[in-house]
Amino acid sequence: MPLSDSMSQTSPHLTPHFCFSTTALRDFLRISRSSVDDPINQQLNALVTPARAGFDPSSTSHRASRPLARQVDAQSCKGFKDKVLFPSWQSRSDVLNYCALVATSPDPDDPIRIEAKNEKNQERVVDERLDPYSARSLPNEPRTEKLASVVRQERGIENIIRSRTWGIVKERCGETVEIWEEALAGWQRATAQL
């Protein structure tokens with residue numbers, strides 16, 4: 001396998017703080033995508049058994065219009081999908097689902113709520129003509145709304161990346177399942193039975 005099983009299934013410790021730290025959330029997703037989905041062709045190439053006959057010099061005598069991607073045998077593809085691809089996707093889905101739940105829950109530590117409770121800040125009025133940068137220091141949107149927006153955006157990115165990755169897996173592995181959602185759901189059912 002190109003990636004170790006532990007690397008593909010590594011998830012962060014899920015806490016509301018992790019989700020509200022959108023930099024940490026996005027870094028986790030970026031690293032996971034860059035280690036599994038972005039190099040999908042290289043990973044599938046690593047599963048292909050080299051030619052047994054060796055290099056044929058006559059194969060370079062004519063230029064091919066486009067090199068054909070070699071098919072990966074079914075057993076290697078299944079192992080890759082079951083041990084690397086689907087666990088990585090599931091891990092990212094779990095993180096996004098958890099953060100979506102955090103985004104819909106009340107946030108007692110929200111800076112906006114804390115400032116609203118502080119009478120001194122309620123009475124303070126800042127004239128933006130005198131201090132045009134004052135609005136930058138005051139949050140204007142609850143953290144939960146910002147997090148919900150980030151989760152929606154990252155789910156859209158996940159959908160695009162998974163569609164692209166699954167298209168390559170279908171082509172190279174001769175996969176019959178048309179869409180990635182069905183393939184992931186089938187893997188989830190199979191692993192739930194174990």
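The values are calculated or read from the model by the stated rules, or taken from the named source; none is laboratory data. Treat the numbers as computed from the prediction; the structure is a model and nothing was measured. Every residue, glycine as well, gets a Cβ built from its backbone with ideal geometry; the counts of neighbours run over all protein chains shown. These area figures cover heavy atoms from the full protein model, side chains too; ligands, DNA and RNA do not enter into them. Shrake-Rupley method; radii C 1.70, N 1.55, O 1.52, S 1.80 Å.
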Highest-first arrangement of 22-33, 181-192, 88-99, where packing means the average Cβ count within 10 Å: 88-99, 22-33, 181-192
20 Å reach of a label modelled at Asp94, 7 Å along Cα-to-Cβ, counting backbone N of the range 168-194: 181-194
Chain lengthening between Gln75 and His17 when straightened (0.36 nm per residue, less Cα-Cα): 16.8 nm
Å² of accessible area per residue within the range 135-194, as computed with a 1.4 Å probe and no ligands counted: 62 Å²
Approximate spin-label separation Glu178-Val48, in nm, with each point projected 7 Å along Cα-to-Cβ: 2.8 nm
Segment Ser105-Glu141, extension gain: residue separation times 0.36 nm, minus the distance between their alpha carbons: 11.4 nm
